[in-house]
Amino acid sequence: MILHCVFLRLKASLPPAEKQSIFAAIAALKTVIPGIAGISFGPNVSREGLSGGFQDGFVVTFETADARDAYLSHPDHMAVGDRIVAACDGGLAGLLVFDMDV
């Protein structure tokens with residue numbers, strides 16, 4: 001399984017309704033892209049103070065690396081990805097992607 005972890009520094013001006021809409025769009029990818037075992041999202045709740053400003057995030061669990069690779073080029077993922085980048089402070093600089101094979 002692959003854990004696809006995405007951490008976000010969303011713009012302070014982003015309306016809460018838009019933030020929720022983006023996370024709903026991420027969750028909806030499970031219904032259209034094969035090989036997704038689960039999607040979780042939410043705010044950072046760490047008390048360590050080591051988040052580097054990344055206050056929100058999501059994790060997509062894939063059954064296989066091939067499923068992850070298909071997701072990366074899927075048009076629905078790419079559309080949601082564009083929304084995420086536009087909502088992040090600094091665009092691409094406002095997100096961090098980390099994949100783990102578990």
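The values are calculated or read from the model by the stated rules, or taken from the named source; none is laboratory data. This one's a predicted model, so the numbers in the text were calculated from it and none came from an experiment. Cβ atoms come from the backbone with ideal geometry, glycine included; neighbour counts cover every protein chain shown.
Against the condition in contact with a helix residue (DSSP H, G or I) (Cβ under 7 Å, 6 or more places away or on another chain) and not aliphatic (A, V, I, L, M), how does residue 41 come out, does it pass? In short, yes. When you look at residue 100, is it in contact (Cβ under 8 Å) with a residue 24 or more places away in the chain, outside any loop (DSSP other than H, G, I, E, B) and surrounded by fewer than 16 Cβ atoms within 10 Å (Cβ to Cβ), yes or no? The answer is yes for residue 100.
Summed over the stretch 1-28, residues that are of a type outside the set (D, E, K, R), over 24 Å from residue 62 (Cα atoms) and surrounded by 14 or more Cβ atoms within 10 Å (Cβ to Cβ) total 2.
When we screen 47, 68 for residues that are without any contact (Cβ under 8 Å) to a residue 12 or more places away in the chain, out of contact with any Pro (no Cβ under 7 Å at 6 or more places or on another chain) and more than 14 Å from residue 9 (Cβ to Cβ), the only hit is 47.
Here residue 77 passes the criteria (1) without any contact (Cβ under 8 Å) to a residue 12 or more places away in the chain; (2) in a helix (DSSP H, G or I) except the one numbered (1).
For every residue, the table says whether it meets (1) within 22 Å of residue 19 (Cα to Cα); (2) at pLDDT below 95; (3) within 12 Å of the chain's Cα centre (by Cα).
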site	(1), (2), (3)
42	yes, no, yes
57	yes, no, yes
60	yes, no, yes
64	no, no, no
76	yes, no, no
85	yes, no, yes
101	no, no, no
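Filter the stretch 1-41 down to the residues that are in contact with a strand residue (DSSP E or B) (Cβ under 8 Å, 6 or more places away or on another chain), in a loop (DSSP other than H, G, I, E, B) and touching a residue at least 60 places away in the same chain (Cβ under 8 Å), then identify the one that is nearest to residue 72 (Cα to Cα). In this case the residue turns out to be 1.
Only a single item in (1) of a type in the set (Gly, Ala, Ser); (2) buried (at least 16 other Cβ atoms within 10 Å of the Cβ); (3) on the phi > 0 side of the Ramachandran plot is not met by residue 53, and it is number (2).
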